[in-house]
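Okay, so here's the structure we're looking at.
Values quoted throughout were computed directly from the atomic coordinates according to the rules given, and no laboratory measurement underlies them. Just so you know, these numbers come straight off a predicted model, no measurement behind them. A quick note on method: Cβ atoms are made from the backbone with ideal geometry, for glycine too, and the neighbour counts reach across all protein chains shown.
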């Protein structure tokens with residue numbers, strides 16, 4: 001079976017899940033932590049080399065304060081949880097903004113935890129414009145793009161899995177996602193099941209790779 | 001019904017269609033012209049304001065010569081065909097390369113034909129790196145991105161429809177596609193039917209618009 005090197009995870013549907021349970025929207029985030037760890041371990045088992053979680057974006061921070069606090073706390077806890085695993089961990093996002101949680105500053109340069117074999121990236125206060133705008137201070141004579149964006153230490157994504165039914169990227173790593181195959185799970189992220197992941201892998205195995213050629 | 005302002009069209013599957021008919025791969029391109037015109041007229045009827053066709057990319061030009069010639073000719077003929085309709089027409093792509101057909105140079109600045117109401121963009125020898133690299137000569141103090149990419153005269157895409165079953169963007173306008181909803185038709189582009197378009201519109205009507213918020 002052809003296994004992707006790098007998987008992007010868009011864990012969407014937390015608020016819709018909460019509303020469906022009769023809870024207020026911000027209650028949907030903390031419940032997403034356990035699925036994130038289960039997924040991490042599944043990736044380890046099948047030999048994925050790199051995984052990127054879409055935490056929250058600069059767009060998301062315009063939401064009501066209680067939601068913003070809830071998803072920020074969930075991201076802090078998720079990163080701390082992953083730092084107890086075997087992971088080469090990197091948090092990517094605009095750390096110069098007050099929306100970036102201080103607790104995650106130590107993770108903004110890549111650090112190995114445990115055997116540090118799998119690369120794990122966590123997008124926190126990430127913005128596609130923030131990422132691409134850095135190109136404007138790049139060297140115009142050099143063509144390479146990935147070296148000049150803020151997320152330069154995140155490699156090309158092979159497979160993006162989005163939970164929650166929506167078929168769009170919503171600003172997820174536009175450069176690294178150029179050639180990515182895009183798999184959508186209709187269930188909300190808090191209803192994550194390992195079978196979703198295996199379905200995505202089986203589907204990916206049937207795709208060809210052309211890199212636009 | 002909520003109608004998208006701007007639709008992106010990825011007309012994929014021409015070569016697979018040809019092979020399935022026992023033809024050589026390059027025979028699959030010319031047959032894609034009529035569907036392109038039918039789709040254009042459907043867009044006019046429902047009041048779409050802008051449409052972008054993915055012609056060919058700088059990646060594609062690495063294919064065998066007979067294929068390259070066939071898809072280049074198909075693009076030339078498609079643009080000439082559209083210039084007989086009511087359209088505000090623009091060809092976007094790297095015109096400084098020998099791969100750019102001379103016949104399309106007159107279309108590289110936007111021109112109105114007929115009543116020129118619908119904006120029609122045609123990507124020819126387009127490359128996502130070519131497009132984004134232009135940011136490096138942008139003004140680093142100004143945040144706006146779309147003004148500094150090569151495709152600045154192509155607006156944000158609301159709905160992308162891709163024929164041929166593949167669920168990936170393959171370099172299609174990465175900045176304008178950030179928030180686009182992505183609809184995939186399994187049939188190959190030469191097997192286009194108006195019902196594909198209406199299915200995509202009905203599906204789009206059920207999506208929400210958040211622009212990442």
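What to note about this one:
- Among B:20-26, B:42-48, A:89-95, the order from most to least packed when residues are scored by Cβ within 10 Å on average: A:89-95, B:42-48, B:20-26
- Compactness of the range B:101-184 as Cα Rg over 2.2 N^0.38 Å, two decimals: 1.23
- Considering helices alone, the calculated mean residue ellipticity of chain A at 222 nm is -8000 deg cm²/dmol, with DSSP H runs of length four and up weighted by -39500 (n - 2.57) and normalised per residue.
- Where labels lie 7 Å past Cα in the beta-carbon direction, separation of residue B:77 and residue B:38 in nm: 1.6 nm
- Cα Rg, Dmax (largest Cα-Cα span) when computed across the range A:155-213, Å: 11.9, 37
- Over chain A, all Cα pairs binned in 5 Å intervals from 0 give whole-percent P(r) values of 1, 7, 15, 20, 21, 18, 11, 5, 2, 0, 0, 0, listed from short to long.
- Normalised by 2.2 N^0.38 Å, with N the number of residues, the alpha-carbon radius of gyration of the range A:1-106 equals 1.13.
- A point 7 Å from Cα along Cα→Cβ stands in for residue B:42, and the other copies hold the same point at 3.5 nm, listed in rising order.
- Computed as a quarter of the hull surface, the mean projected area of the alpha carbon convex hull for the protein assembly as shown stands at 21.0 nm².
- Relative protection proxy for B:123-131, A:167-175, from highest mean packing down: B:123-131, A:167-175 (other beta-carbon atoms within 10 angstrom).
- Cβ-vector label at 7 Å, residue A:102, separations to other copies in nm: 6.7
- Value of D in µm² per second that Stokes-Einstein yields for the range B:48-129, Kirkwood Rh from Cα pairs, at 20 °C (1.002 mPa s): 168 µm²/s
- DSSP bridge pairs, the range B:6-205: antiparallel proportion in percent, nearest 5: 10 percent
- For the Cα trace of the range B:5-44, dividing Rg by the Kirkwood Rh returns an Rg/Rh value of 1.08.
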